[in-house]
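Trainee: Quick one: the structure is below, questions incoming.
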Amino acid sequence: MCGIVGYIGSKNIKTILLEGLKELEYRGYDSAGIAIMQDDDLHIFKAVGKLDNLQEKTKEYEPQGFGVGIGHTRWATHGKPTELNAHPHMGEYSYVVHNGIIENFKEIKEELKERDFVSQTDTETIVHLFEEYLKKYENPQEAFHKTIERLEGAYAILLITKAEPYKIFFAKKGSPLIVGRDGSEIYFASSDAPLIGHAKEVHYLEDGEWGVAKAGNIELFKGNTPIPPKFQKLSINKELAQKGGFRFFMEKEIYEQSDVITETMMGRICDDGIDFDELDHEFLHNISNITICACGTSFHAGLSGSYLIEQLAKIPVRTEIASEFRYKKPVLQKETLFVVISQSGETADTLEALKMAKDAGLKTLAICNVDNSSIVRLADRSILTRAGIEKGVASTKAFTTQLMVLWMLSVYLAQQNSSLAPKEIEEEIHAMSTTPKALKVRQEMHERIKRLSKRYLHGHGFFYIGRDIFYPLALEGALKLKEISYLHAEGYPAGEMKHGPIALADPELFTIALMSKNKLYEKTKNNVEELSARDATICAISSQEFDLADDFIKINDWNHFMLEYYEMAVVLQLLAMEIAIRLGNDVDMPRNLAKSVTVE
Ligand code: M6R
């Protein structure tokens with residue numbers, strides 16, 4: 001995910017900005033840039049790839065004395081990772097860095113079409129809009145306020161302008177931004193790490209806050225009202241700061257899901273439907289069926305997606321494990337849309353399967369988290385999941401965002417072939433917009449799972465069971481547990497237990513039962529009762545009270561099965577993590593596993 005830094009002061013501004021960006025490297029990025037203003041002189045540097053490339057570009061430049069500067073690491077969402085698309089973006093005399101997504105950028109760009117746009121990004125509209133307002137209002141502060149009032153979506157913004165060369169204008173809505181100070185030195189960053197060792201005290205901006213800073217002075221506003229910053233001491237260490245105060249990156253990533261899912265949806269959903277810039281009628285013309293191909297967690301997202309596409313868009317879907325698909329001599333037909341799913345975009349088996357589909361002349365679509373990865377480059381079209389870098393080997397936020405793309409894709413396809421009525425589409429959109437709530441980790445829920453986990457550290461195995469789309473979720477829950485706790489776990493369709501696995505039932509067999517209120521509740525309940533009657537230990541996850549459960553994790557009473565799905569996904573991730581932590585395992589780097597499997 002993108003990172004932001006800013007500085008006003010007399011220390012070596014180039015070093016402060018570059019070192020600040022270095023602290024944000026862990027978040028992942030594909031290009032970076034800085035802009036420094038000293039009196040009326042503006043120096044801007046951008047580079048694709050690692051920060052070393054940016055450093056190299058700046059080596060001839062040595063700033064002297066006071067300066068104002070902004071910097072950015074970019075994780076591509078709108079437009080490829082190129083120098084033109086890297087931040088800072090410039091107007092005629094102003095420069096901006098931005099995290100988040102401006103949802104109405106196309107509309108603004110259309111209005112400003114007389115201006116010279118050079119990038120494919122949503123961010124560039126901010127700086128052009130600012131300069132247009134400045135022509136009208138002649139006051140940079142007012143122009144900045146008018147600019148942010150026009151923006152829809154999420155943003156953390158820093159803007160500098162030759163119209164007021166000693167200031168930084170800043171604003172926050174939906175993306176994090178912190179302003180810090182040490183005497184007259186002013187610092188900005190999108191997370192704590194770059195501020196440690198520099199700013200003595202910091203103010204964490206709230207959504208809707210904006211302002212203007214100059215040496216020794218920060219003016220803060222909410223709407224038109226000036227407000228005092230709430231400064232607090234910055235005392236945490238760097239490692240903790242990178243993990244956002246969480247014990248593991250996996251934990252941080254579980255907590256992040258509620259925010260990143262909004263980024264996945266941004267610009268793609270509106271009140272009456274789904275719109276993908278990445279797709280069009282022409283591309284999907286003549287497609288009669290879909291094959292989804294992936295590995296591991298991405299496969300589980302794909303399998304879940306197959307239920308959604310069939311149920312909502314009424315298009316036949318088959319889901320294939322990439323390592324199997326490659327060698328099964330599959331029958332490939334031209335009217336099949338071939339969809340690959342991958343967090344990293346580098347998984348060897350998935351990449352090879354994609355090559356086979358392309359060679360056979362199929363239309364291909366990648367759902368991926370990393371722009372410019374091998375899979376994105378090879379596929380005809382790609383939809384980015386926008387989850388930001390995922391560091392934990394056990395995938396969490398990549399999974400939930402992949403599924404969101406598949407859910408949106410199902411509705412998009414349903415719109416194309418009219419398999420859903422407008423009212424039904426509206427219901428899906430409403431449920432999608434509620435997903436951030438379902439993914440939010442509730443403290444009391446986390447505490448309960450933490451306590452309960454101590455009962456599940458032994459036994460002769462776990463069965464995760466569910467029906468319909470909750471079956472692939474059961475597979476994913478079991479995979480999470482296996483990967484980080486090293487305990488044996490299997491995902492199974494609840495209705496299939498009686499065809500064999502029920503023979504294993506005894507008190508040492510732990511059953512994690514996903515009991516959706518909205519999908520086959522009574523049927524699942526019967527299956528769980530059969531296991532309980534044979535003394536299996538049952539941990540039920542449901543919104544409906546269930547007396548036979550030995551442990552019960554109550555989720556919210558949602559009226560759409562996907563909201564239950566998302567909340568249960570969080571429960572399963574937390575359960576696996578808490579068990580693994582109790583067993584003393586390295587949750588972020590479990591034994592024998594690699595984050596990206598680039599070999600067969
Ligand atoms: O990068 P990909 O999504 O293609 O990776 C696929 C699998 O290797 C990956 O999902 C793996 O199963 C994870 N460790 C799951 O947590």
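The values are calculated or read from the model by the stated rules, or taken from the named source; none is laboratory data. Quantities reported herein were computed from a predicted structural model and do not represent experimental measurements. Positions of Cβ are generated from backbone atoms using ideal geometry, with glycine treated the same way; all protein chains shown enter the neighbour counts. Please note that ligands, DNA and RNA were not included when accessible areas were found on the heavy atoms of the full protein model with its side chains. Shrake-Rupley method; radii C 1.70, N 1.55, O 1.52, S 1.80 Å.
Trainee: Tally time: how many residues in the stretch 438-448 are within 25 Å of S298 (Cβ to Cβ) and either without any contact (Cβ under 8 Å) to a residue 12 or more places away in the chain or surrounded by fewer than 22 Cβ atoms within 10 Å (Cβ to Cβ) (or both)?
Mentor: Narrowing the stretch 438-448 to residues within 25 Å of S298 (Cβ to Cβ): 438-441.
With either without any contact (Cβ under 8 Å) to a residue 12 or more places away in the chain or surrounded by fewer than 22 Cβ atoms within 10 Å (Cβ to Cβ) (or both) added as a condition, the list becomes 440-441.
Residues in the stretch 438-448 being within 25 Å of S298 (Cβ to Cβ) and either without any contact (Cβ under 8 Å) to a residue 12 or more places away in the chain or surrounded by fewer than 22 Cβ atoms within 10 Å (Cβ to Cβ) (or both): 2 in total.
This table checks each residue for (1) more than 16 Å from the ligand (Cβ to nearest atom); (2) surrounded by fewer than 23 Cβ atoms within 10 Å (Cβ to Cβ); (3) assigned by TED's automatic domain parsing to the domain that holds K519.
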{"residue": "I541", "(1), (2), (3)": "yes, no, yes"}
{"residue": "Q573", "(1), (2), (3)": "no, no, yes"}
{"residue": "L583", "(1), (2), (3)": "yes, yes, yes"}
{"residue": "V599", "(1), (2), (3)": "no, yes, no"}
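Trainee: Let me ask something else about it. Quick one: what pairs do we get from the stretch 413-424, first residue closer than 21 Å to V317 by Cα, second of a type in the set (K, R) and open to solvent by 80 Å² or more (accessible area, probe 1.4 Å), C-beta under 8 Å, 6+ apart or different chains?
Mentor: A414/K314; N417/K314; S419/K314
Trainee: Could I ask something else about it? So, in the stretch 275-314, of the ones that are part of a loop (DSSP other than H, G, I, E, B) and hydrophobic (A, V, I, L, M, F, W, C), which residue ends up farthest from the ligand (Cβ to nearest atom)? Full working, then the answer.
Mentor: If we filter the stretch 275-314 for residues that are part of a loop (DSSP other than H, G, I, E, B), which is where we start, we get 275-280, 285-288, 295, 314.
Remaining after also requiring hydrophobic (A, V, I, L, M, F, W, C): 276, 279, 287, 295.
Values: F276: 20, L279: 21, I287: 23, C295: 4 Å.
Residue satisfying both the conditions and the ranking: I287.
Trainee: Separate question: Please indicate, with yes or no, whether at least one residue in the stretch 318-341 is within 30 Å of H560 (Cα to Cα), assigned by TED's automatic domain parsing to the domain that holds I425, more than 14 Å from the ligand (Cβ to nearest atom) and within 22 Å of the chain's Cα centre (by Cα).
Mentor: no
Trainee: Here's something else I'd like to know. Is there any pair with a first residue in the stretch 82-94 that is open to solvent by 50 Å² or more (accessible area, probe 1.4 Å) and a second that is polar (S, T, N, Q) and in a loop (DSSP other than H, G, I, E, B) whose Cβ atoms are under 8 Å apart and which are 6 or more apart or on different chains, and what are they?
Mentor: Listed by first residue and then by second, the contacts come to L84/S119; L84/Q120.
Trainee: So which residues in the stretch 308-317 are surrounded by fewer than 19 Cβ atoms within 10 Å (Cβ to Cβ) and more than 26 Å from the chain's Cα centre (by Cα), if there are any at all?
Mentor: Looking only at the stretch 308-317, we keep the residues that are surrounded by fewer than 19 Cβ atoms within 10 Å (Cβ to Cβ), and these are 310-311, 314, 316.
Result: K314, P316.
Trainee: Still on this structure, I have one more. State whether one or more residues within the stretch 395-415 are open to solvent by 50 Å² or more (accessible area, probe 1.4 Å) and over 21 Å from D349 (Cα atoms). First the steps, then the outcome.
Mentor: Start the filter on the stretch 395-415 by keeping residues that are open to solvent by 50 Å² or more (accessible area, probe 1.4 Å), which leaves 415.
Filter again for over 21 Å from D349 (Cα atoms), leaving 415.
Yes.
Trainee: If we keep just the residues of the stretch 354-374 that are modelled with pLDDT under 95 and farther than 21 Å from E253 by Cβ, which is surrounded by the fewest Cβ atoms within 10 Å (Cβ to Cβ)?
Mentor: Start the filter on the stretch 354-374 by keeping residues that are modelled with pLDDT under 95, which leaves 369-374.
If we keep only those that are farther than 21 Å from E253 by Cβ as well, we get 372, 374.
Numbers: N372: 16, S374: 21.
Result: N372.
Trainee: Six or more apart or on different chains, Cβ atoms under 6 Å: show the pairs whose first residue is in the stretch 292-307 and open to solvent by less than 20 Å² (accessible area, probe 1.4 Å) and whose second is near the ligand (Cβ under 7 Å from one of its atoms).
Mentor: Correct list of pairs: A294/I341; A294/T350; T297/S395; S298/I341; S298/S342; A301/I341; G302/A294; G302/I341.
Trainee: Turning to a different aspect of this structure: Filter the stretch 143-177 down to the residues that are assigned to a strand (DSSP E or B), modelled with pLDDT under 95 and in contact with a Ser or Thr (Cβ under 8 Å, 6 or more places away or on another chain) and list them by number.
Mentor: A154, Y155, A156, G174
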